[in-house]
Amino acid sequence: MKTLFRYLAAYKKRISLGLSIKSLGTIAELVLPLIMAHMIDVVTPTENILALSLWGVGMLACAVIAWGGNVIANRMASRVARDTTQRLRDDLFKKTLYLSARQIDGVTLPSLVSRLSSDTYNVHNTIGMMQRLGIRAPILLIGGVALTFTIDAVLALVLLVTVPVLTLIVIFVSSKGVGLYTRLQRSVDGMVRKVRDDYTGIRVIKALSKTEYESESFRSINNTVSGNETKAGVTMGVTNPLMNAVLNLGMAAVIFVGAYRVAAGRVMVGEIIAFTSFFTIILNAVISVSRIFVNMTKGAASAKRIGAILDMPADLLPVPTEDEKGGAYIRFENVSFSYEGAPALQNVDFSLKRGQSLGILGATGSGKSTLISLLMRFYDVDSGRILIDGKDVRSYDDAELREKFGVVFQNDFLMAASVRENIDFERGLSDAAIERAAEYAKADAFIEEHGGYESLLTARGANFSGGQKQRLLIARALAASPEILVLDDSSSALDYRTDASLRKALVENLADTTVIMIAQRISSVRFADKILVLDGGRVAGLGSDEELMQSCALYRAIYASQHEDAVAERGGDAYAE
Ligand code: ADP
Ligand code: MG
């Protein structure tokens, strides 16, 4: 809520102007029944046409002010709500891009998405509503009650009975309603999750002939949703008729009591008519106030969720440390790290000279990607340290550190744009740099076949094969001539021969670039200067292919199993390097 006020403060003037106009319009609305009563009770009996016309004009003026004021104020309110929400969304999106990996792990991605979409939408509604009804409803309620008492205190007593009954109904229904709607929303969330899973996995579902089963399970979720919807709808549907009944009963009471009092000469007819107008105005205001409360509860909850992100402290600030020039280019010193809970890396220790290549080998979950995340400082180490060029990664400025890297991540993505745009990635690189990168990544030949650098990729690059996409991604990583090239594309889409020769050529061409390649196949990294074998977050072996064949049992085991595969793949023909 505090965050929200900070944003609204920028529109202080517009908001106060809007609220003033609104108040004026609302007061004009309250005056209308009074004028009418005066015309009926005082002016009409005198049969003075001129006076009657003048009062009529006055009434018209009030009506115009009430209507015009409302329209103008509501439009201003919409504009403030729109502008505030737009800025809020912009800031929220920008902030999420700066969150550290650990912070994102904590909040989770789906929650970030819903904060950016439905929570900002709720806040938008609340800001709009507060301006439209926030001042109008209290003025109508308090002003209306005060005026009815000046007309006739006895009649006003009818109000004292009706208003509390109405308030109770509203409180009861809305308290029940909030629970029902929360449950409905949760079941809708469940349905969305189900749909998303099924649509993503639609091929698997078809392949495994699970279509019937999935339809059945969707049907049951859908039933739950519509059941909850019915419950909420029926409960809320009772409100309006019930309120109308109370309103009409109250009205009947007013007219019943009023008729006696008119007959007794204590009240005049015009006053009764004015009174019934106020009666409707007041009861509608009660309903509005209750709606404001429900809406505010929702809006405040959403504002809190948004504020929690916006106010997250910057994680991973640069930590100044001593530089140690000379020695290795990349150095892991006894590095340990864990996500929540189990350790992902333990006592990892190695170093690389500038221009050397490193292959990282290990089963899934052995900590390969984690090692890269630490090197690029998406997370900070728990103990030990990582140096690049003699400088602790924690002492680099974010941009300075990340500029050193060209990376292909696991599950990296291509945009529906031209080949050039995909390689350039908005960095404004020269044609020569892009073409050289494509050449090194062995992508130039098929780019020509597809019609050159301006040819378009369809969504997710579906018109390119898996291996071609992989090479486009490598070209992207290479294009800005990074000091360190990281390839975390462990499940290569290329056959082992093409893959190995591509990587080998890369390492040879990029003599000054330090290349780190993650792989599951030994053939992809055999030629690397050093190979790091990871096993459950620990270093099981470190050295060249030859050294590891001598010293590392795990490496030999991996080699044996993959060698058999390779032999089998080629129909028994021994696979020679
Ligand atoms: P690899 O890349 O070798 O397959 P990872 O480095 O991705 O392995 O993962 C190492 C371990 O850390 C695994 O047990 C994995 O489940 C866990 N892990 C990876 N990322 C996260 C994360 N963001 N939060 C919690 N645990 C994680
Ligand atoms: Mg991985």
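The values are calculated or read from the model by the stated rules, or taken from the named source; none is laboratory data. All values reported here derive from a predicted model rather than from experimental measurement. FYI the Cβ positions are ideal-geometry reconstructions off the backbone, even for glycines, and counts take in every protein chain you see.
Points to keep in mind about this one:
- Only residues that are closer than 22 Å to Leu371 by Cβ, modelled with pLDDT under 85 and of a type in the set (Gly, Ala, Ser) were counted across region 463-499, and they come to 3.
- Test: residue in region 336-346 that is at pLDDT 95 or above, among the hydrophobic types (A, V, I, L, M, F, W, C) and more than 16 Å from ligand 2 (Cβ to nearest atom): no
- Counting only helices (runs of 4 or more DSSP H) that sit wholly inside region 125-209, those with at least 2 residues that are more than 30 Å from Ala77 (Cβ to Cβ) and touching a helix residue (DSSP H, G or I) at 6+ places or on another chain (Cβ under 8 Å) are 144-151, 153-200.
A quick yes/no check of all residues on (1) farther than 30 Å from Asp315 by Cα; (2) touching a residue at least 60 places away in the same chain (Cβ under 8 Å):
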{"site": "Tyr11", "(1), (2)": "yes, yes"}
{"site": "Ile21", "(1), (2)": "yes, no"}
{"site": "Leu34", "(1), (2)": "yes, yes"}
{"site": "Pro45", "(1), (2)": "yes, no"}
{"site": "Ala61", "(1), (2)": "yes, no"}
{"site": "Ile65", "(1), (2)": "yes, no"}
{"site": "Gly68", "(1), (2)": "yes, no"}
{"site": "Leu88", "(1), (2)": "no, yes"}
{"site": "Thr96", "(1), (2)": "no, yes"}
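This table checks each residue for (1) in contact (Cβ under 8 Å) with a residue 24 or more places away in the chain; (2) closer than 22 Å to Tyr396 by Cα.
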site: Ile306; (1), (2): yes, no
site: Pro313; (1), (2): no, yes
site: Gly327; (1), (2): yes, yes
site: Arg331; (1), (2): yes, yes
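- Scanning region 344-377 for residues that are within 16 Å of ligand 1 (Cβ to nearest atom) and hydroxyl-bearing (Ser, Thr, Tyr) yields Thr364, Ser366, Ser369, Thr370, Ser373.
- Residue tally, condition part of a strand (DSSP E or B) and surrounded by 17 or more Cβ atoms within 10 Å (Cβ to Cβ), over region 485-539: 15
- Qualifying residue in region 469-478 (condition: of a type outside the set (Gly, Ala, Ser), more than 21 Å from Gly355 (Cα to Cα), more than 16 Å from ligand 1 (Cβ to nearest atom) and surrounded by fewer than 14 Cβ atoms within 10 Å (Cβ to Cβ)): no
- So Gly128, is it touching a Leu at 6+ places or on another chain (Cβ under 6 Å), farther than 30 Å from Tyr379 by Cα and without any contact (Cβ under 8 Å) to a residue 60 or more places away in the chain: no
- Note on region 347-398: among residues that are more than 16 Å from ligand 2 (Cβ to nearest atom) and of a type in the set (Ser, Thr, Tyr), the one that is nearest to Ala528 (Cα to Cα) is Ser357.
- All of (1) crowded, with 21+ Cβ neighbours inside 10 Å; (2) within 14 Å of ligand 1 (Cβ to nearest atom); (3) among the acidic types (Asp, Glu) hold for Glu271 with one exception: (2).
- Residue in region 424-433 that is among the hydrophobic types (A, V, I, L, M, F, W, C) and closer than 23 Å to Thr498 by Cβ present: no
- Some residue of region 378-396 being within 16 Å of ligand 1 (Cβ to nearest atom) and of a type in the set (S, T, N, Q): no
- So Glu454, is it in contact with a strand residue (DSSP E or B) (Cβ under 7 Å, 6 or more places away or on another chain) and exposed (fewer than 15 other Cβ atoms within 10 Å of the Cβ): yes
- Only helices (runs of 4 or more DSSP H) whose full extent lies in region 17-118 are considered here, and the ones with at least 1 residues that are touching a Ser or Thr at 6+ places or on another chain (Cβ under 8 Å), small (Gly, Ala, Ser) and more than 30 Å from Thr3 (Cβ to Cβ) are 49-98.
- Sole exception among (1) part of a helix (DSSP H, G or I); (2) touching a helix residue (DSSP H, G or I) at 6+ places or on another chain (Cβ under 7 Å); (3) within 25 Å of Leu352 (Cβ to Cβ) for Arg436, by number: (2)
- Contacts under 6 angstrom Cβ, first residue in region 471-490 being within 17 Å of Glu421 (Cα to Cα), partner in a loop (DSSP other than H, G, I, E, B) and within 16 Å of ligand 2 (Cβ to nearest atom), 6 or more apart: Leu473/Asp412
- Candidates Ala153, Ala137 - the one that is surrounded by fewer than 19 Cβ atoms within 10 Å (Cβ to Cβ) and at pLDDT 85 or above: Ala153
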